[in-house]
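A short write-up of the structure that comes next.
No value in this document is a laboratory result; all are computed from the given coordinates. Here the structure is a predicted model, which is why all the values come from computation and not from measurement. Here Cβ is always computed from backbone atoms with ideal geometry, including for glycine, and neighbour counts include all displayed protein chains.
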Amino acid sequence: MSKQAAETGLLLPSREVLLWANSDLALLIEAAVRAEKAGYDSVWVGDSLLARPRGEPLTLLGAVAGATSRVRLGTAVLLPLLRHPLSLAHGLATLDRIAHGRLVVGVGPGAELPGTHAELKALGLPSDRRVGAMLSAIERMRRLWRNEETGIELQPRPLQPGGPPIWLGGSGPRMLRLAGTTFDGWLPFSPTPSDYASGFRAVREAAEGAGRDPDGIATGAYLTVAVGDDSREATGMLDAYMRAYYGVPAEVMAKAQACHAGTIESASEWFAAYRDAGARHLVVRLARPDLSDYNDTVRQLLGAARHA
């Protein structure tokens, strides 16, 4: 079992404010400030250009960095293929400087969905070898951050030596192997605690096989939760949220993502199951259509995660 401290992060509602708050992105900054004051260890934003529209993540995190001082700032997850690696390396280095070294870069190749292919096509990019292209982009960013690319000197360099830590989102065999051999952390959607435990073991085995300390790899989990006075109310919230966010029922998303609907008490038990499976850093997404009582509920979720 990893010796990392148990931590909790909040996924900021960067898509939700477009769906339910007339694109008032200032609500995200307020949510981040409130999360920091409540005691969250990190705040995160997602990434999508056309498939699931939201504010541009590096811009949002720059604003959050200026309004906070302690919480780590993360992407859950950034899609490197939507940006040129040189420009992305520059943007992330700048953000790491603004955030005084608080940046964590969660990345992924994009899900195998029509929207992913449409985004890349709109940029004039192929979408058939996304993992390999993502790895090439990340390797180049790391070279640029270390000033190891001939003929190019990137300025500013990140505040964190060698660049901010990069966590991989994904749970297929290849992704698990890469998380253990190449990345600084792992941040999957694992739909059940047992799925997470299996992936956790695979990541550690891959790390050991590569001569890495498995305890040095951060283990996160991306968890979506709807809470209500009873399970029926929460189930309705989760379904309405998933239909608006992804265009499919909650029961479909639950096959691919970690989702829970219930009371605060049942959420705490669910969080504990992921902690027991090896997740040290829970990244919590509140499924709350219309964002009603958002900040109060995320405070309650932090308490539930801490008691997990």
Might you let me know whether the range 160-169 holds any residue that is touching a strand residue (DSSP E or B) at 6+ places or on another chain (Cβ under 7 Å) and aromatic (Phe, Trp, Tyr)?
yes
Of all residues in the range 153-205 being without any contact (Cβ under 8 Å) to a residue 12 or more places away in the chain and among the small types (Gly, Ala, Ser), which is nearest to Met141 (Cα to Cα)?
Gly172
Confirm whether Leu120 is assigned to a loop (DSSP other than H, G, I, E, B), farther than 19 Å from Gly220 by Cβ and of a type in the set (A, V, I, L, M).
no
Look at Arg129 and say whether it is under 23 Å from Pro188 (Cβ atoms), free of Cβ contacts under 8 Å to residues at least 40 places away in the same chain and not hydroxyl-bearing (Ser, Thr, Tyr).
yes
Residue check for Arg70: farther than 19 Å from Ile138 by Cβ, more than 17 Å from the chain's Cα centre (by Cα) and assigned to a loop (DSSP other than H, G, I, E, B):
yes
For Gly228, work out the one condition from (1) of a type outside the set (A, V, I, L, M); (2) closer than 21 Å to Ala277 by Cα; (3) buried (at least 16 other Cβ atoms within 10 Å of the Cβ); (4) touching a helix residue (DSSP H, G or I) at 6+ places or on another chain (Cβ under 7 Å) it doesn't fulfil.
(2)
Condition met for Ala221 (under 19 Å from the mean Cα position of the chain (by Cα) and part of a strand (DSSP E or B)):
yes
Filtering the range 143-189 down to residues that are under 23 Å from the mean Cα position of the chain (by Cα), among the polar types (S, T, N, Q) and over 11 Å from Val105 (Cβ atoms), which residue is surrounded by the most Cβ atoms within 10 Å (Cβ to Cβ)?
Ser171
Can you report the number of residues in the range 73-116 which are hydroxyl-bearing (Ser, Thr, Tyr) and part of a strand (DSSP E or B)?
1
Filter the range 234-287 for residues that are among the basic types (Lys, Arg) and part of a helix (DSSP H, G or I); which is surrounded by the fewest Cβ atoms within 10 Å (Cβ to Cβ)?
Arg243
